[in-house]
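Participant: What follows is a single structure, and I will ask about it in a moment.
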Amino acid sequence: MPLKSPALGLSFCCFYLVSYFTNKYVLSVLKFTYPTLFQGWQTLIGGFLLLLSGRLGWVEISSVSRSAALSWLPGSMLFVGTIYAGSRGLSRLPIPVFFTLHNASETVAFIIQKLTHRERTSLKKVVSVSMLLTAAACLPLHDPQFDPGGYFWAVIHFCCVGGYKVFQKLQKSTLLSDLEQQYINYIFSVLLLAVAAHPTGDLFGALEFPFLLSYKFHSGCCASALLGFLLLLATVRLKSKLPLEHCGAWVFLAKVLAACLSPFVFDIVVNVPTVCCLLLSCIGEALLVYSEQIAAER
C-alpha cells in the first residue's frame, strides 16, 4: 500500500486529525449538542470561504446551472444527513468507535452497487467489507461505554455516507467538479439546517448553553469551520494529484493516526473484545484499500 505525494498526503492527515479533534472538543467536552446550529455554522462559513476563494481566483468554480444543481439535489440531501447524524454520533461516541462504525459505509456502498450494477467483485474486497461490517456489528455488543443514541445516529451517518459515495459515482458524467458539488451541498445545508433549527429545539436550547459567551467556545467554533474548509481543499487537492485508490491509503492513515492519538486527548474505556473490533475494522479497511489498488492496476 504505497503512499505517494508524501507532503500533500501528510498535510491532509494533519487537517483531518485537527479537524476531528476540534469538532470532538466542541461536541463532547464543551457539549454543544445542537447540530443544526453547529453544522449550519460550519457550512455557512465553508460556503462563504469557498465563494470568496473562487472570486479571488484561488480555486476554480464555474457558475452552476439550475438543471445541474437540481440533478445534484439528492446528493445534497445525503450530505445533510451525513453531517447532522455524524455530529450527533461523534458527540456521544469516542473517535475510534465512531470511525469503526463510519467504515461500515463501505459495506452499504458495496451492497447498493451489487444490487444496481451486479459487477464482478474480487474476493479481497468481499472479505474486506465483510470484516468492516462484522466489526461494526459486534462493537455495540462489547462496548463498555455503549450509548444507544450514539450508535443510532452513527448508523444513520454511515448509511448516508454509503449512499453518498454511490451517488457520486453515478454522477461522474456530470459537469460539476468536486468543489462545485460541495458548494451546492453548502448552500442546501445552510438553508435546510436553518429551517430545522426551530422545530428541533436547537435554536432556543442553545440560548441556555453554559459556554455561550466563552472564548473557548467561540475559538472552537471558528477553528472547526476554518479547519473544515481547509480539509475540503486538501481533499480536493489530493484527489486531483492522485488516483482515487491511492487517496484511500492517505485517508486510512489519517484515521489510524486520529484513532491512536485520541485516547491521549479524550476519555475512552475499552476492553479486549472492543479492541479486537477496532483492530478488525482497521485491518478490513487496509485490505479494502489494497484490493482497490490491485484492481486499478489490472
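Participant: Need the failing condition index for Thr22 against (1) in contact with a Ser or Thr (Cβ under 6 Å, 6 or more places away or on another chain); (2) in a helix (DSSP H, G or I); (3) open to solvent by 50 Å² or more (accessible area, probe 1.4 Å), just the number.
Facilitator: The single condition Thr22 does not satisfy is (3).
Participant: Step by step: first the residues of region 103-140, then only those that are open to solvent by less than 50 Å² (accessible area, probe 1.4 Å) and among the hydroxyl-bearing types (Ser, Thr, Tyr), then the one that is modelled with the lowest pLDDT. Which residue is that?
Facilitator: Once the filter is applied, the top-ranked residue is Thr121.
Participant: In this structure, is His198 modelled with pLDDT under 95 and part of a helix (DSSP H, G or I)?
Facilitator: no
Participant: Could you run through region 167-212 and say how many residues are over 16 Å from Thr33 (Cα atoms) and without any contact (Cβ under 8 Å) to a residue 60 or more places away in the chain?
Facilitator: 6
Participant: On to the next question. Mind counting the residues in region 63-85 that are open to solvent by 30 Å² or more (accessible area, probe 1.4 Å), assigned to a loop (DSSP other than H, G, I, E, B) and closer than 21 Å to Lys169 by Cα?
Facilitator: Result for region 63-85: 2.
Participant: Output the residues belonging to region 232-244 that are touching a Ser or Thr at 6+ places or on another chain (Cβ under 9 Å), outside any loop (DSSP other than H, G, I, E, B) and open to solvent by less than 30 Å² (accessible area, probe 1.4 Å).
Facilitator: Answer for region 232-244, where residues must be touching a Ser or Thr at 6+ places or on another chain (Cβ under 9 Å), outside any loop (DSSP other than H, G, I, E, B) and open to solvent by less than 30 Å² (accessible area, probe 1.4 Å): Ala234, Leu238.
Participant: Given the conditions (1) in a helix (DSSP H, G or I); (2) closer than 26 Å to Lys169 by Cα, which single one is not true for Phe38?
Facilitator: The single condition Phe38 does not satisfy is (2).
Yes/no per residue for (1) assigned to a helix (DSSP H, G or I); (2) at pLDDT 90 or above; (3) of a type outside the set (Asp, Glu):
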| residue | (1), (2), (3) |
| --- | --- |
| His246 | yes, no, yes |
| Ala259 | yes, yes, yes |
| Pro263 | yes, yes, yes |
| Val270 | no, yes, yes |
| Leu280 | yes, yes, yes |
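Participant: Got a number for residues in region 48-62 being touching a Ser or Thr at 6+ places or on another chain (Cβ under 8 Å) and either assigned to a helix (DSSP H, G or I) or hydrophobic (A, V, I, L, M, F, W, C) (or both)?
Facilitator: Residues that pass the stated criteria total 2.
Participant: Based on what the data block shows, is Phe146 free of Cβ contacts under 8 Å to residues at least 24 places away in the same chain, farther than 27 Å from Val59 by Cβ and not polar (S, T, N, Q)?
Facilitator: Yes; evaluated as a whole, the condition is true for this residue.
Results for (1) in contact (Cβ under 8 Å) with a residue 12 or more places away in the chain; (2) open to solvent by less than 70 Å² (accessible area, probe 1.4 Å); (3) closer than 24 Å to Ala254 by Cα; (4) not small (Gly, Ala, Ser), shown as yes or no for each residue.
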{"site": "Pro6", "(1), (2), (3), (4)": "no, no, yes, yes"}
{"site": "Phe12", "(1), (2), (3), (4)": "yes, yes, yes, yes"}
{"site": "Leu30", "(1), (2), (3), (4)": "yes, yes, no, yes"}
{"site": "Tyr34", "(1), (2), (3), (4)": "yes, yes, no, yes"}
{"site": "Gly40", "(1), (2), (3), (4)": "yes, yes, no, no"}
{"site": "Phe48", "(1), (2), (3), (4)": "no, no, no, yes"}
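Participant: Can you report the number of residues in region 192-229 which are open to solvent by less than 80 Å² (accessible area, probe 1.4 Å) and of a type outside the set (Ser, Thr, Tyr)?
Facilitator: Count: 21.
Participant: Another question, then. Could you tell me which of the residues Arg88, Arg92 is open to solvent by 30 Å² or more (accessible area, probe 1.4 Å), basic (Lys, Arg) and in contact with a Pro (Cβ under 7 Å, 6 or more places away or on another chain)?
Facilitator: Arg88 is the lone residue from the list that is open to solvent by 30 Å² or more (accessible area, probe 1.4 Å), basic (Lys, Arg) and in contact with a Pro (Cβ under 7 Å, 6 or more places away or on another chain).
Participant: Sort out which residues of region 269-282 are within 21 Å of Gly248 (Cβ to Cβ) and exposed (fewer than 14 other Cβ atoms within 10 Å of the Cβ), and write them in order of number.
Facilitator: Leu279
Participant: Restricting attention to region 199-223, which residues are charged (D, E, K, R) and in contact with a helix residue (DSSP H, G or I) (Cβ under 9 Å, 6 or more places away or on another chain)?
Facilitator: Asp202, Lys216
The values are calculated or read from the model by the stated rules, or taken from the named source; none is laboratory data. Note that the structure is a prediction, hence the values are computed from the model and not measured. Note: ideal-geometry Cβ built from the backbone for every residue, glycine included; neighbour counts use all protein chains shown. Heavy atoms of the whole protein, side chains included, go into the accessibility calculation; ligands, DNA and RNA do not. Shrake-Rupley method; radii C 1.70, N 1.55, O 1.52, S 1.80 Å.
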